[in-house]
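The values are calculated or read from the model by the stated rules, or taken from the named source; none is laboratory data. The shown structure was predicted, so the numbers you read here are calculated from the model rather than taken from an experiment. Backbone-built Cβ (ideal geometry, glycine too); neighbour counts: all protein chains shown.
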């Protein structure tokens, strides 16, 4: 009977030390959250916040029904918006593709100079939202579609460049090796060994970015870079809520259509 | 000797089989490009005048001025960072039940449709448009920004989480179900272990995105560093703007590297 | 004719993959290279066409020392060395025809290859090779639509399209079932006979190596420990190469397989004619 006097082993999910660390980690997160919350709401006027439901109801009642007759003045800006997205994407692709080949570790011609430079351009382009690019370009080039196209293009470089160079780095090395073994030149190895492997990813990435760009180009007009956002801005400034609601419906419709197109194309490619 | 074999070969079309469609698509694409490029009006005198500003901007970017507007910058930065963190935390917490509810394999039909439509609305509305509304409702400042980012986070995480749950290994869920586990136990034992690392990865990724967005929504008055950027650009203070942009790029780079590191550590 | 002299490869990590390997491969001889994994078989083959740079030694192919060539000359030398890979290494998303034609890349300029406008003779030759390996009907299919055995046939056709003086074959049957393995090995040997090509086949399956090669070279930790006819592979030799194991069991299985093989051969020929 006394044989089993030793404590039976207690099954534990984690070791005590790990549990302690986990608790400390969670506690630190909660403390950080509380501190951040305090800092953030320092200048919040809570009266506005509590009044928000009334304000929402007020705006809602004014915004409906949308002013449908305003639609005839939206076709032009809508066409501009689509053009900004499409031309911007094309321009972005044209710049991103060479950059991606410079940035991918298996195709870069210079590992210590061009590759870090290409990577920096990609990060810089990705960090800065197209609206900020637009703000900058409008202040340089003046308002208009051109600033919008360039803003979209500059933002797209980073996105397409990053995804594409990752795709290039993930290519199957044995296919490249096989092409090398036939005595092919560098350019031939690229076009036969690597390009066919990354082409589906490339189409998918481009169409995906185009879809995002349609959304982004819809608001560029807020800072004067052309497209339907300019109408939105004007309507907001004059508090013409029925027009605002119509514009938002149009933007939503465009987004839904572009998402459908992009899903179809990606499905066909992959 | 080799005359029996053909001496020409053409690659068969890969995507569109019909020749008529290929030609029609090519013509359509060219026509669209001509029309679209034609609709771009370029005011060359304005562009040339802008070149001088572009030069000053590049100079400002190369010699950033952190000091003159440091108060605006540091306030904006603090707002951006706190907004980013709180909105990611709250957004992720809200998106977990919504993501579970939007997964076809664990949620009942009616919950599925409700959660899916919440996600659809959140994803369809551009952050900036949402920010405009929240500013109109809650007044200028970081609180409107916080709500905007939270709202956007719900759609993002909710959708990806739901897809992950739908993709889980059914065999593991089956095994847990076979033990007679309740629904909550099923989520805890079969779903959570499979989805958790992805969820942490996604949250870190969203943290990154939220920071970048927090730099933008300030332009429409929702607090953060974007307001400072907007001011300095509209005053043509390019060296301050350059400083702000460099700070944004630096923070994004740091967060990207550290989140990559963290994600590896979580796995 | 291929002559290898004192070939040595030491990797950066300090691992010695090959030490002082020397042998000669006369015209039309099929050499089976056997040895346990990590013995340096794959490195040896890749040192010949310099997909892996040898540390020292010489590789003479018809009075040219491949080990001493500069980039441009190396490319010209590589086009006369056909290589067949484990896992086929086809460009999966290109058509079968493009894969075969890619064997001509060293002979045509960039624009010709980019626009797929190969010389008529190359195209006729590619069709002839596809016919030879029994894939005439599949020319316009994408490579990833084929079965494993079919893909390896495309790999063979690609190597032959180079009009090679030497075939390097790296584990051609590693991802194929036993029946297909035999078919592929037989095809390779037949082709070497037709063209009196020397071939080096790196293969881990001793039975296959014995059955299909004229000569066996055994590698063990980067050193040649056996060089002789297949009949010379006694148990003592195999033990020296691979370590202790019961080899008789494996031999018995082989004779059973030989019967099944004759039946299969008739069957495949029938199938090939139907294509």
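If I filter region C:104-147 down to residues being in contact with a strand residue (DSSP E or B) (Cβ under 9 Å, 6 or more places away or on another chain) and within 14 Å of chain A (Cβ to nearest Cβ), which single residue comes out as surrounded by the fewest Cβ atoms within 10 Å (Cβ to Cβ)?
C:142
Please go through region C:178-201 and give me each residue that is over 11 Å from the mean Cα position of the chain (by Cα) and outside any helix (DSSP H, G or I), ordered by number.
Of everything in region C:178-201, those that are over 11 Å from the mean Cα position of the chain (by Cα) and outside any helix (DSSP H, G or I) turn out to be C:196, C:197.
Would you be able to say whether some residue in region B:109-127 is under 31 Å from the mean Cα position of the chain (by Cα), free of Cβ contacts under 8 Å to residues at least 60 places away in the same chain, outside any helix (DSSP H, G or I) and under 29 Å from residue A:211 (Cα atoms)?
There is at least one residue in region B:109-127 that is under 31 Å from the mean Cα position of the chain (by Cα), free of Cβ contacts under 8 Å to residues at least 60 places away in the same chain, outside any helix (DSSP H, G or I) and under 29 Å from residue A:211 (Cα atoms).
Residue by residue, here is whether (1) within 30 Å of residue C:78 (Cα to Cα); (2) buried (at least 24 other Cβ atoms within 10 Å of the Cβ) holds:
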residue	(1), (2)
A:90	no, no
A:95	no, no
A:103	yes, yes
A:106	yes, no
A:151	no, yes
A:154	no, no
A:171	yes, no
A:183	yes, no
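In region B:80-100, is there at least one residue being under 30 Å from residue A:144 (Cα atoms) and in contact (Cβ under 8 Å) with a residue 12 or more places away in the chain?
Checking region B:80-100: at least one residue is under 30 Å from residue A:144 (Cα atoms) and in contact (Cβ under 8 Å) with a residue 12 or more places away in the chain.
Among helices (runs of 4 or more DSSP H) lying entirely in region A:109-221, which contain 2 or more residues that are within 26 Å of residue C:104 (Cβ to Cβ)?
Filter on region A:109-221 gives A:173-181, A:195-220.
Give just the number: which of (1) surrounded by fewer than 21 Cβ atoms within 10 Å (Cβ to Cβ); (2) without any contact (Cβ under 8 Å) to a residue 24 or more places away in the chain; (3) closer than 30 Å to residue A:105 by Cβ does residue A:269 not satisfy?
So the condition that residue A:269 fails would be (2).
Any chance you could count how many residues in region C:216-241 are under 19 Å from the mean Cα position of the chain (by Cα) and part of a helix (DSSP H, G or I)?
The total comes to 1.
Which condition number in (1) outside any helix (DSSP H, G or I); (2) free of Cβ contacts under 8 Å to residues at least 12 places away in the same chain is the one that residue C:111 fails?
Of everything listed in (1) outside any helix (DSSP H, G or I); (2) free of Cβ contacts under 8 Å to residues at least 12 places away in the same chain, residue C:111 misses just condition (1).
Only one of these is under 20 Å from residue C:199 (Cα atoms), at pLDDT 90 or above and more than 9 Å from chain A (Cβ to nearest Cβ): C:32, C:40, C:82. Name it.
Going through C:32, C:40, C:82 in turn, just one is under 20 Å from residue C:199 (Cα atoms), at pLDDT 90 or above and more than 9 Å from chain A (Cβ to nearest Cβ): C:32.
Hey, any hits in region B:250-264 for a residue that's in a helix (DSSP H, G or I), more than 10 Å from chain A (Cβ to nearest Cβ) and crowded, with 23+ Cβ neighbours inside 10 Å?
No, that holds for no residue.
Every residue in region C:172-202 that is within 27 Å of residue A:197 (Cα to Cα), within 14 Å of chain A (Cβ to nearest Cβ) and either in contact with a strand residue (DSSP E or B) (Cβ under 6 Å, 6 or more places away or on another chain) or buried (at least 19 other Cβ atoms within 10 Å of the Cβ) (or both), please.
C:172
Looking at (1) within 29 Å of residue B:158 (Cβ to Cβ); (2) within 12 Å of chain A (Cβ to nearest Cβ); (3) outside any helix (DSSP H, G or I), which is the one condition that is false for residue B:181?
Only one criterion in (1) within 29 Å of residue B:158 (Cβ to Cβ); (2) within 12 Å of chain A (Cβ to nearest Cβ); (3) outside any helix (DSSP H, G or I) is unmet by residue B:181, namely (2).
Does region C:47-67 contain any residue that is at the interface with another protein chain (Cβ under 7 Å from one of its Cβ atoms), within 26 Å of residue C:153 (Cβ to Cβ), in contact with a strand residue (DSSP E or B) (Cβ under 7 Å, 6 or more places away or on another chain) and not in a helix (DSSP H, G or I)?
Looking through region C:47-67, at least one residue is at the interface with another protein chain (Cβ under 7 Å from one of its Cβ atoms), within 26 Å of residue C:153 (Cβ to Cβ), in contact with a strand residue (DSSP E or B) (Cβ under 7 Å, 6 or more places away or on another chain) and not in a helix (DSSP H, G or I).
Within region A:130-145, how many residues are touching a residue at least 40 places away in the same chain (Cβ under 8 Å) and either crowded, with 22+ Cβ neighbours inside 10 Å or at the interface with chain B (Cβ under 7 Å from one of its Cβ atoms) (or both)?
Of the residues in region A:130-145, 8 are touching a residue at least 40 places away in the same chain (Cβ under 8 Å) and either crowded, with 22+ Cβ neighbours inside 10 Å or at the interface with chain B (Cβ under 7 Å from one of its Cβ atoms) (or both).
Looking only at region C:29-46, count how many residues are assigned to a loop (DSSP other than H, G, I, E, B) and under 19 Å from residue A:179 (Cα atoms).
Here the count works out to 0.
Go through region B:232-249 and report how many residues are within 11 Å of chain A (Cβ to nearest Cβ) and in contact (Cβ under 8 Å) with a residue 60 or more places away in the chain.
Total meeting the criteria: 10.
Quick one: would you say residue A:243 is within 14 Å of chain C (Cβ to nearest Cβ), assigned to a helix (DSSP H, G or I) and in contact with a helix residue (DSSP H, G or I) (Cβ under 9 Å, 6 or more places away or on another chain)?
no
Which of the residues that make up region B:205-219 are surrounded by fewer than 23 Cβ atoms within 10 Å (Cβ to Cβ) and within 9 Å of another protein chain (Cβ to nearest Cβ)?
Matches in region B:205-219: B:212 only.
Assess whether residue B:124 counts as being modelled with pLDDT under 85 and more than 12 Å from chain A (Cβ to nearest Cβ).
Against the criterion (modelled with pLDDT under 85 and more than 12 Å from chain A (Cβ to nearest Cβ)), residue B:124 does not qualify.
Give region B:220-230 a look and list any residue that's buried (at least 24 other Cβ atoms within 10 Å of the Cβ) and either part of a helix (DSSP H, G or I) or within 7 Å of chain A (Cβ to nearest Cβ) (or both), or say none.
The answer is B:220, B:225, B:226, B:227, B:228, B:229.
Do we find a residue being within 14 Å of chain C (Cβ to nearest Cβ) and touching a helix residue (DSSP H, G or I) at 6+ places or on another chain (Cβ under 8 Å) anywhere in region B:12-30?
Yes; the residues of region B:12-30 include at least one that is within 14 Å of chain C (Cβ to nearest Cβ) and touching a helix residue (DSSP H, G or I) at 6+ places or on another chain (Cβ under 8 Å).
Select from region A:146-155 the residues that are under 20 Å from residue B:42 (Cβ atoms) and more than 10 Å from chain B (Cβ to nearest Cβ) and list them in ascending order.
If the condition is that a residue be under 20 Å from residue B:42 (Cβ atoms) and more than 10 Å from chain B (Cβ to nearest Cβ), then A:150, A:151, A:152, A:153, A:154 are the ones that fit.
Give the residues of region C:148-171 that are surrounded by fewer than 24 Cβ atoms within 10 Å (Cβ to Cβ) and more than 14 Å from every other protein chain (Cβ to nearest Cβ), sorted by residue number.
Result: C:148, C:149, C:150.
Out of all the residues in region A:187-206, which are within 9 Å of chain C (Cβ to nearest Cβ) and either without any contact (Cβ under 8 Å) to a residue 12 or more places away in the chain or surrounded by fewer than 18 Cβ atoms within 10 Å (Cβ to Cβ) (or both)?
Scanning region A:187-206 gives A:187, A:188, A:191, A:196, A:199, A:200.
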